[in-house]
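Worksheet: the structure to be examined is printed underneath.
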Amino acid sequence: MSVPIITPARLAELARAGAVTLIDVRTPAEFDEVHVTFARNVPLDQLDPAALGADPAAPVFVVCQKGGRGQKACEKLAAAGFAQATNVEGGTLACAAAGLPVARGRKALSLERQVRIAAGALVLLGVGLSFVHPAFAGIAAFVGAGLVFAGVTDTCGMGMLLARMPWNRRKPTCAT
């Protein structure tokens, strides 16, 4: 499915001209690290088009880290009737580089880095344990197959699992 894209510079022009609906689909930890000030955080795994409270006929812009999750979110929104769901080209980092106002918080590991760390650790574990018993080499093979599947389908099961981990969730605050 072809998803319309918008440059960060054009998004900035639209934002200066009036209110825009910008949905950031990264994890809360990534969002807290840096985000466009007028973006609303709705992680991709929690995206429910019906619960957005946005007019399906109005433009909705989606941003993520680099563009991949944004495209998936736009496809989901389009399937739910949002005819003008548009992905922001280059993601949040491109928005910051283009001069859009951003808020910066504490540093967090991106979901992509978490996947690389977990996959690498599992492969090392599998290879190391294969000296105890050859069957443990299956761990490395399983992770390798998962990485191939993720590359071919552009769907990462490990990434979806890691996005649900407590460190990637926003912690409750005392304010109500």
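The values are calculated or read from the model by the stated rules, or taken from the named source; none is laboratory data. Treat the numbers as computed from the prediction; the structure is a model and nothing was measured. Using ideal geometry, Cβ is built from the backbone for each residue, glycine included, and neighbour counts are taken over all protein chains shown.
Laid out as a table, the results:
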item: Residue that is under 17 Å from the mean Cα position of the chain (by Cα) and either in a loop (DSSP other than H, G, I, E, B) or over 20 Å from R104 (Cβ atoms) (or both), where the choices are R10, R26; result: R26
item: Every residue from the range 117-140 that is loosely packed, with under 14 Cβ neighbours inside 10 Å, within 27 Å of the chain's Cα centre (by Cα) and of a type in the set (V, I, T); result: I117
item: Tally of residues being at pLDDT below 90, in contact with a helix residue (DSSP H, G or I) (Cβ under 8 Å, 6 or more places away or on another chain) and not hydrophobic (A, V, I, L, M, F, W, C) across the range 28-41; result: 2
item: Entirely in the range 80-176, the helices (runs of 4 or more DSSP H) that have 3 or more residues that are charged (D, E, K, R) and in contact with a Ser or Thr (Cβ under 8 Å, 6 or more places away or on another chain); result: none
item: Positions within the range 88-111 being in contact with a Gly (Cβ under 7 Å, 6 or more places away or on another chain) and more than 11 Å from V36 (Cβ to Cβ), in sequence order; result: E89, G90, L111
item: Failed item in (1) among the small types (G, A, S); (2) closer than 25 Å to R169 by Cα; (3) surrounded by 19 or more Cβ atoms within 10 Å (Cβ to Cβ), with S110 passing the rest; result: (3)
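So that you can scan it fast, the table gives a plain yes or no per residue for (1) touching a His at 6+ places or on another chain (Cβ under 9 Å); (2) modelled with pLDDT of 90 or more:
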residue	(1), (2)
R26	yes, yes
P43	no, yes
G70	no, yes
C74	no, yes
E89	no, yes
A103	yes, yes
L109	no, no
G128	no, yes
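Per-residue answers, yes or no, for (1) more than 21 Å from E13 (Cβ to Cβ); (2) surrounded by fewer than 17 Cβ atoms within 10 Å (Cβ to Cβ):
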site	(1), (2)
Q46	yes, yes
F61	no, no
G67	no, no
K72	yes, no
E75	yes, yes
G81	yes, yes
Q84	no, yes
V88	no, no
T92	no, no
